[in-house]
1. Determine the shape class of segment 86-201: with a ≥ b ≥ c the square roots of the Cα gyration tensor eigenvalues, call it rounded for a/c under 1.5, and otherwise prolate if a/b is greater than b/c, oblate otherwise.
2. Could you work out how far the C-alpha centroid of segment 82-150 sits from that of segment 177-230, in angstrom?
3. Could you calculate the FRET efficiency of THR101 with VAL185 from 1/(1 + (r/R0)^6), where r is the beta carbon distance between them and R0 is 30 Å, rounded to 0.05?
4. For GLY164, what is the net charge nearby, where nearby means another residue's Cβ is under 15 Å from its Cβ and Lys, Arg count +1, Asp, Glu -1?
5. Within 10 Å, Cβ to Cβ, of ASP134, how many net charges do the neighbouring residues add up to if Lys/Arg are +1 and Asp/Glu are -1?
6. Cβ under 15 Å from LYS17's Cβ, LYS17 left aside: what net charge do those residues give with Lys, Arg +1 and Asp, Glu -1?
Amino acid sequence: MEVNYTKYSYQELLEVKGVIDKQKYPERYQRLLNEIELRIKNGETSTIENSEMDDDDSSVLWDSLVVYNFKNRYYRIAFGLFYALVSVALLTQILPAFFHTKLANLPAYETTVDNIECKQYTFKQDGKNYTEYDLKVVSYGFTFYVIDMKASTCKNTANRINKGEKVTIWYDGDLIYQLARQNDVVLPYQYLKRYVWHAKVNNSFSFIIGFILFVSTFFRSFVNCITPQTYVPNQDD
């Protein structure tokens, strides 16, 4: 079988040159060299070099990524599946934080308040001091929160509800979506859902960073796994 190198791009010719067995196929190798030399004379390489110079920064970034070149087909499939499964697993931890659960789909917990307080936390970030106010509601050993509220709303809510008072809490995990007592909605869903969103995104931050690092680090290897390899015939001319 005779290989027609005139149909190959210059980049493909270079890739074939790197893998062809020149001792086993000396005539084919010589034809390959002749075709590469012809492309150089025709100036095809200058276009590639200019493109590489324009994309220098992206090329450096691409080359810095971890790369595995699996020649075995089953290894390629296994790595591709591994990459996809880990990415999906991380996304399942991230995506729910960016979507609000409807109030009708949330459990409503009717209970008696054992303790309610507005907790103040002070912390330093980027050289600046910040203060956060969290509403904390304890009932029968369960603790529910509204994270990072306005100071006035947090304190007023803690003062309005007494220990031993019956309340209804709409919640997801330990986060309060709505708080009511009797027929009085103390903290409505429309007001609290932004605090829930903020708290969930913060809780998912480590997964977001992990997802970005994993996907970007092994992306080049994944591309290699799903990209068909350059075909080099093994039959004699």
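1. Working: a/c = 2.02, a/b = 1.19, b/c = 1.70.
Cα axes put segment 86-201 in the oblate bin.
2. 13
3. Numbers: r = 17 Å, r/R0 = 0.58.
For THR101 and VAL185, the calculated efficiency is 0.95.
4. Values: positive: ARG160, LYS163, LYS166, ARG181; negative: GLU110, ASP114, GLU117, GLU165.
Neighbourhood net charge equals 0.
5. Values: positive: LYS119, LYS136; negative: GLU117, GLU132, ASP148.
The answer is -1.
6. On the way: positive: LYS22, LYS24, ARG28, ARG31, ARG39; negative: GLU12, GLU15, ASP21, GLU27, GLU35, GLU37, GLU44.
Every neighbour counted, the sum reads -2.
Bear in mind that the values in this text are calculations on the coordinates, not laboratory data. Every value quoted in this text rests on a predicted model; they were computed, and no experiment measured them. Please note: Cβ atoms are built from the backbone with ideal geometry, for glycine as well, and neighbour counts cover all protein chains shown.
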